[in-house]
Amino acid sequence: MSSEGVNVESQSTGRSYFDGGLLQLIGWSILGWLVTICSFGILYPWSLTMIYGWKINHTVVEGRRLKFNGSAIGLFGNWIKWWLLCIITLGIYTFWLYIALEKWKAKHTTFA
């Protein structure tokens, strides 16, 4: 119960669901890998933002659709910084790389 005496759970009226399809995911994943391979890995941040966008834009939480507003250019700058940190620390930063990427993804996710 909240301080006003209203049950917080009763306030959420919408459902949470994911409305993306398997064939869409396969298509986006294949396109992402092709672009990454053909660019020798340079366009990997673009591939990540493309797939993140698809997943997040097809997610609805408590009746509110999520929207991903991250860009490949924005991720690319961070990507270079993170990999330089991995090189400088002789690979130790790779343990934090996934967390840094998740933080970046959360920072660029809003409600539509």
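A few notes on this one:
- Of the residues in the stretch 73-86, not one is surrounded by 16 or more Cβ atoms within 10 Å (Cβ to Cβ), assigned to a loop (DSSP other than H, G, I, E, B) and in contact with a helix residue (DSSP H, G or I) (Cβ under 8 Å, 6 or more places away or on another chain).
- Inside the stretch 85-112, residues that are closer than 12 Å to LEU48 by Cβ and in contact (Cβ under 8 Å) with a residue 24 or more places away in the chain make up a count of 4.
- Among residues of the stretch 98-111, those that are part of a helix (DSSP H, G or I) and within 18 Å of ILE73 (Cα to Cα), counted: 8
- Residues located in the stretch 62-83, provided they are under 15 Å from THR109 (Cβ atoms) and not hydroxyl-bearing (Ser, Thr, Tyr): GLU62, ARG64, ARG65, LEU66, LYS67, PHE68, ASN69, GLY70, GLY74, LEU75
- Candidate set: the stretch 18-55, residues that are in contact with a His (Cβ under 9 Å, 6 or more places away or on another chain) and aromatic (Phe, Trp, Tyr); chosen: the one surrounded by the most Cβ atoms within 10 Å (Cβ to Cβ): TYR52
- Scanning the stretch 1-33 for residues that are part of a helix (DSSP H, G or I) and either hydroxyl-bearing (Ser, Thr, Tyr) or touching a helix residue (DSSP H, G or I) at 6+ places or on another chain (Cβ under 9 Å) (or both), we see that the one that is modelled with the lowest pLDDT is SER10.
Residues checked against (1) in contact (Cβ under 8 Å) with a residue 24 or more places away in the chain; (2) more than 18 Å from the chain's Cα centre (by Cα):
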{"residue": "GLY14", "(1), (2)": "yes, yes"}
{"residue": "ILE30", "(1), (2)": "no, no"}
{"residue": "TYR52", "(1), (2)": "yes, no"}
{"residue": "GLU62", "(1), (2)": "yes, yes"}
{"residue": "GLY77", "(1), (2)": "no, no"}
{"residue": "TRP83", "(1), (2)": "no, yes"}
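The values are calculated or read from the model by the stated rules, or taken from the named source; none is laboratory data. This is a predicted model, so every value here is computed, not measured. A quick note on method: Cβ atoms are made from the backbone with ideal geometry, for glycine too, and the neighbour counts reach across all protein chains shown.
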